[in-house]
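One structure below.
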Amino acid sequence: MDFAIALVKDAHALGEIPVGAVIVDRHGTAIATGVNRKEQEQDPTAHAEIVAIRAASKILKDWHLNGCTLYVTLEPCPMCAGAILQSRISTLVYGADDPKAGAIRTVANLPDSPVSFHKLQVIAGIREQQCQVMLQDWFRNIRNKS
């Protein structure tokens, strides 16, 4: 999670919502990272999780990410939760809940719903306060600039 939190600075520097993601393989090696890139790429699907999943799939030359763990600073949205399930990531570790769009445990629970064909282990609330504060500070700065 420390690595995902460190990536938040990259997203912040790009003017993106500060979310960082890291994918670790079954051997414990970080193989891919991602930060939000929606503004940079003008792509609504360029969330940190999607960027990391795409990179990991290219590195492994396989869309099946079985045995991999995704660390992300914010609870994934419905799109990202779907991509996590489709990629067969084994474990999701996230920091802060997303009370507006969280699709893992907060607003919706896609991994445990009938639409999920894949069993995803979820560990929530890791470094939660730090992850929340980073997001709150970023949004506060945006509002103050407006």
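Please arrange TYR71, TYR94 by accessible surface area, largest first, computed with a 1.4 Å probe and ligands excluded. Spell out each step's value before the answer.
Working: TYR71 65, TYR94 0 Å².
If we order TYR71, TYR94 from most to least accessible, we get TYR71, TYR94.
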For MET134, tell me the accessible area in Å² from a 1.4 Å probe, rounded to the nearest 10. 40 Å²
5 Å is the cut-off here: which amide hydrogens, built 1.01 Å from N in the peptide plane, fall below it relative to VAL122, excluding neighbours closer than 5 in sequence? LEU92
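Which value at 222 nm does the chain reach when only helices count, each DSSP H run of 4 or more adding -39,500 (n - 2.57), with the total divided by all residues and rounded to the nearest 500 deg cm²/dmol? Don't skip to the end; give the middle numbers.
On the way: 5 runs with 57 residues, N = 146.
Roughly -12000 deg cm²/dmol at 222 nm, from the helical runs in the chain.
For the stretch 71-115, what relative contact order do you get, as a whole percent, if you take Cα pairs closer than 8 Å and at least 6 residues apart? Show your work: numbers first, answer last.
On the way: 57 pairs, mean separation 19.8, N = 45.
Normalised by residue count, the contact order of the stretch 71-115 is 44 percent.
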Whole-Hz Karplus couplings 3J(HN,Hα) for the stretch 130-140, θ = phi - 60° and coefficients 6.51, -1.76, 1.60, Gly and Pro as x, run 4, 5, 4, 4, 4, 5, 4, 4, 5, 5, 4
Cleavage-rule hits (trypsin sites (Lys or Arg not before Pro)) in the stretch 61-146: DSSP loop, at most 10 neighbouring Cβ within 10 angstrom: LYS61, LYS100, LYS119
Show the residues, 5+ positions off or on another chain, whose built amide H is closer than 5 Å to the amide H of ARG88. LEU65
Phi-based couplings in Hz for the stretch 104-114 (Karplus 6.51, -1.76, 1.60; Gly and Pro marked x): 10, 8, 7, 8, 9, 9, 5, x, 9, 8, x
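In the chain, carbon and sulfur make up what percent of the accessible area (probe 1.4 Å)? Show your work: numbers first, answer last.
Numbers: 4060 of 7600 Å².
Ligands and nucleic acids excluded, carbon and sulfur give 53 percent.
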Gap separating the Cα centres of the stretch 44-66 and the stretch 13-37, nearest whole Å: 10 Å
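Given N residues in the stretch 22-67, what is Rg(Cα) / (2.2 N^0.38 Å)? If you can, show how the numbers build up before the last one.
Numbers: Rg = 11.1 Å, N = 46, 2.2 N^0.38 = 9.4 Å.
My calculation over the Cα atoms of the stretch 22-67 gives 1.17.
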Residue-wise HN-Hα coupling along the stretch 15-27, computed from phi with Karplus coefficients 6.51, -1.76, 1.60 (Hz; x: Gly, Pro): x, 9, 4, x, 10, x, 9, 9, 10, 10, 7, 5, 9
Would you pull out the residues with amide H under 5 Å of LEU74's amide H, same chain only if 5 or more places away, H placed 1.01 Å from N? GLY20, GLY95, ALA96
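What is the gain in length, in nm to one decimal, between ASN144 and ALA30 on full extension, counting 0.36 nm per residue of separation less the C-alpha to C-alpha distance?
Values: separation 114, 0.36 × 114 = 41.04 nm, distance 3.61 nm.
Stretched fully, the ASN144-ALA30 segment lengthens by 37.4 nm.
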Suppose accessible area is computed on protein heavy atoms with a 1.4 Å probe; arrange THR29, THR45, THR91 from highest to lowest. THR29, THR45, THR91
Largest fluctuation, GLN40, GLN132, GLN86 only, Gaussian network model of the chain with Cα springs under 10 angstrom, belongs to GLN40
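Which percent, to the nearest 5, of DSSP beta bridges fully inside the chain are antiparallel? Numbers along the way, then the final one.
Numbers: 9 of 18 bridges.
Percent antiparallel among DSSP bridges in the chain is about 50.
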Considering lysine pairs in the chain that are 8 or more places apart or on different chains, how many have Cα atoms under 29 Å apart? 14
Counting only heavy atoms of the protein chains, get the accessible area per residue of the chain (1.4 Å probe) and round it to a whole Å² value. 52 Å²
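The values are calculated or read from the model by the stated rules, or taken from the named source; none is laboratory data. Model, not experiment: these values are computed from the prediction. Glycine also receives a Cβ, built like all others from the backbone with ideal geometry; neighbour counts cover every protein chain displayed. Side chains included, ligands, DNA and RNA excluded: accessible areas come from the protein's heavy atoms. Shrake-Rupley method; radii C 1.70, N 1.55, O 1.52, S 1.80 Å.
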